[in-house]
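For reference, the structure is listed below as structure tokens.
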Amino acid sequence: MPTPAGAAFRCFLGVLSGLVFLSGLTGCAGEAARPVPVVVAPSDFSAPIDPSSAAVKDDSRPPRAVIDPRTALGGDADVMVLTGAPQAPAQPALPRSEADRKLQVDQLVGQINGRPVYANQFFAPMDERLRREASRMKSREWLAFARKEIEGALWDKLRDELLLAEFQTGLSPEERMGLLAFIQDVRDDVVSGNLGSTELAQQRLLDTEGLDLEAKVKDLSQREFIAFQLRRSIGSRVNVAARDIELYYEQRQKDFAPPPVARFVILRVPRKDTEKIEAAERALGSGEAFESIAGRLSTWRPEAGSVNEVEFVSGEYSTAALFGPAALNEAARALEPGQTSARVDVGADAYWVRLASIEQKPGKSLYEVQREIEDKIRAERVREEERRYFDQLFRRGSFSDVKTMTNRLFEFAAERYLIQEDMKAK
């Protein structure tokens, strides 16, 4: 007896004949057009009638049609259920109450490459999350959250469906022959991860992911097919040459070989403040630590500890632009780490500068980072090729207007997760 995966594979082999692979295990034999969604309302039923009442004796009223739900629904049709008590035959129609609101069970929101998109199936992976957030968030906040989730999920679904269609049409006969074994291997992997028990795998998947075994195999297989299609369509277009890596390294020297940093402590005192000038000179002559003097007297960035750090090109300290004023820059260039300059007057201030240290942060050679650089360049080019490839897919694909599908899904979500949940709470 064929396995469900084998049945899915036979569907795939019929792609060129119009069949759809992995569109759901129940659709493998080909699907007839879905019946129009059925509305089951309170008016379709009658309340119990007293046999002695006059209504029973009235033969002038034609008999009421008996509805067989199985026939009306066509087995798997979409259902719209109207709740409420049955209407008594002798009673006139009453205005519909809030309890008689229409409850949406499912809705066709559009199609992608001829495959219908149903709201129930679309929301299944995010159902629990949407319900949880609906109970936690305010309505306006939840609506914004839900719309963002719907837009992202719809674009992902659109991308995946278009990629799967490309995958199917691009397979060689040899590749088609290998799919059956591949899908069986996926199934075996899932089962082997559950002690080799199909029943245990089925139960665990239902408990943890809300999926049965065959749905999980389908999902994993499709992910592999999509990855394969991307590699086949994009991978061959992306190449990284050795010169590309060298240029990347040279253009980003600061990232891989940081320049040295000169750390200065600056004592600045207004020249007109003679008392402070004298205090600074006495302290410097007494041997007090320069950092301590600057902390007490300096007006240069006291909130930063009067510290200034300057990057310069390695090996070029003596010619580097360390400070703006020429006199101060000249004095700083002459210093060795641990030395303090003489007084330098610039404008209305007197300066003393101490070169506290020169720090050289460890860098990385081209050899050390070439693989990292190659990966970055490749990732950037893959993203660019993906953008071009998806633009082509979207132009070639056949699908309903994305904005219209988004709005239908958004309205369905608001009805299901906000309005209906609120009705239940009442």
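Quick notes
- When peptides 260-268, 383-391, 118-126 are ranked by their average number of other Cβ atoms within 10 Å per residue, the highest-first order is 260-268, 118-126, 383-391.
- Links that overshoot a 22 Å alpha carbon limit, given the list Lys218/Lys376; Lys157/Lys403; Lys254/Lys364: Lys218/Lys376
- All-pairs Cα distance distribution in the range 202-327, expressed in whole percent, bin size 5 Å: 2, 8, 9, 9, 8, 7, 6, 5, 5, 6, 5, 5, 6, 6, 5, 4, 2, 1
- Converting phi to 3J(HN,Hα) with the Karplus coefficients 6.51, -1.76 and 1.60 and the offset θ = phi - 60°, the range 368-381 yields 5, 10, 4, 5, 4, 5, 4, 4, 5, 5, 4, 4, 4, 6 Hz in sequence order, with x at every glycine or proline.
- Sequence-separation-based contact order of the range 259-359, relative, with Cα cut under 8 Å and 6+ spacing, percent: 39
- For the range 259-359, the pair-distance distribution built from all alpha carbon pairs, in bins 5 Å wide starting at 0, is 2, 13, 25, 26, 19, 10, 4, 1, 0 percent.
- Overall dimensions of the range 305-426, expressed as equivalent-ellipsoid semi-axes from the Cα gyration tensor (√(5λ), whole Å, largest first), are 64, 27, 15.
All of the numbers you see were taken from the coordinates with simple rules; none came from a lab. Just so we're clear, the structure is a prediction, and the values are computed from it rather than from any experiment. Positions of Cβ are generated from backbone atoms using ideal geometry, with glycine treated the same way; all protein chains shown enter the neighbour counts.
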